[in-house]
Amino acid sequence: MPKLTSFFDFHLLLLFLVISAANASVVTSPISQRFKEAPQFYNSLNCPKIVGEGKDGLFLCSDEAVHVAMTLDSAYIRGSMAAILSVLQHSSCPQNIVFHFVASATANALLLRATISSTFPYLNFQVYAFDDSSVSRLISTSIRSALDCPLNYARSYLANILPSCVRRVVYLDSDLVLVDDISKLSATQLGDNSVLAAPEYCNANFTSYFTLKFWSNSTLSLTFVNRKACYFNTGVMVIDLDRWRHGDYTKKIEEWMEIQKRVRIYELGSLPPFLLVFAGNIVPVDHRWNQHGLGGDNFRGLCRDLHPGPVSLLHWSGKGKPWARLDANRPCPLDALWAPYDLLQTPYTLDS
Ligand SMILES: *[C@@H]1O[C@H](CO)[C@@H](O)[C@H](O)[C@H]1NC(C)=O
Ligand SMILES: *[C@@H]1O[C@H](CO)[C@@H](O)[C@H](O)[C@H]1NC(C)=O
């Protein structure tokens, strides 16, 4: 059982129990954390006017809006809250941002929605149910069990999950904060036929993301011939959903996952299929938009430093998460940059 730290926790937990009693076959974990209410953020004067503002459907479908997709679950919700706050705080048109949250179909969507609403009463958002069972059968175990969570694969299904009127989305992981205006990232030009934009790392050893079995089988490794394939991190991506839908890239990703079920061609989770389908064909984004690896490696979560150059987004990818290290009183130096976005309501802040 989660520790009850306040009356409000108890209240939420009760709500969870009532809902889960009504739906007893569903396995859920309660959100045992309480969050502070974030302030309201206002558009500056020169923001594009959203046509049909106030009417949910039109706003949801607006091309003028910045669409952001994130996953939502009880394990990472503290990170998600910080990420949302950071996006709003650094945006000059925060009221033009629409958040699309993808939650597991077995999670308590009502409770997740209520938690978001009470923390961000003015947020434009939708919560979508992701049917984990469809992807579960395709998942092979990886080197880190957290990577095998079906929700980790939701990013491959955004084109189907989000309404078809949404044509472009910025996908963000939950272990990051922005310190710059997301509309700049969202406005990345995708050229004549690219589906994805993301920071590319051509100095990373691309070979190491796939097994010897993969490279020694020319039927498989031929996929990278004539492609200048470089590693990119799938935690921050600008996706043209129209092009994705037309090219049926979800199916291409699933085909690689099916191969992985038969022959082990990689060790990581949802990342390698993205590399297989897109590496070498993405639009490179400035590295400032994904200062990744701050969580350390996949095994120990050591402290890492920033890469040289400017910073628009800090990403604690890897095993160590700033909230866990702060709670354990063993923070890395850069975790201090995450802390100002932490909305967790501690027993000490409850009465203030
Ligand atoms: C790249 O990784 C592969 C496989 O892990 C390794 O065999 C190779 O030596 C590495 N190359 C460099 C330049 O480090
Ligand atoms: C190479 O991979 C293909 C596709 O998975 C498979 O059909 C074939 O048997 C593999 N070849 C070898 C030599 O393992």
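The values are calculated or read from the model by the stated rules, or taken from the named source; none is laboratory data. Source: prediction; values computed, not measured. So basically every Cβ, Gly included, is an ideal-geometry build from the backbone, and we count neighbours across all protein chains shown.
Observations, loosely collected:
- Phe210 meets all of the listed conditions (1) within 20 Å of Leu313 (Cβ to Cβ); (2) within 16 Å of ligand 1 (Cβ to nearest atom); (3) within 24 Å of the chain's Cα centre (by Cα) but one, namely (1).
- The number of residues in the range 303-321 being buried (at least 17 other Cβ atoms within 10 Å of the Cβ) and under 22 Å from Ile182 (Cα atoms) comes to 6.
- For the range 210-233, the criterion of being within 16 Å of ligand 2 (Cβ to nearest atom), buried (at least 18 other Cβ atoms within 10 Å of the Cβ), in contact (Cβ under 8 Å) with a residue 60 or more places away in the chain and outside any strand (DSSP E or B) is met by at least one residue.
- Restricting the range 234-259 to residues that are closer than 21 Å to Gln189 by Cβ and in a helix (DSSP H, G or I), the residue that is nearest to ligand 1 (Cβ to nearest atom) is Tyr249.
- Yes/no for Ala204 being at pLDDT below 95 and away from ligand 2 (no atom under 16 Å from the Cβ): yes
- Filter result (surrounded by fewer than 16 Cβ atoms within 10 Å (Cβ to Cβ) and modelled with pLDDT of 95 or more) within the range 130-162: Asn160
- Residues being away from ligand 1 (no atom under 12 Å from the Cβ), more than 12 Å from Ala279 (Cβ to Cβ) and without any contact (Cβ under 8 Å) to a residue 60 or more places away in the chain - total across the range 189-207: 2
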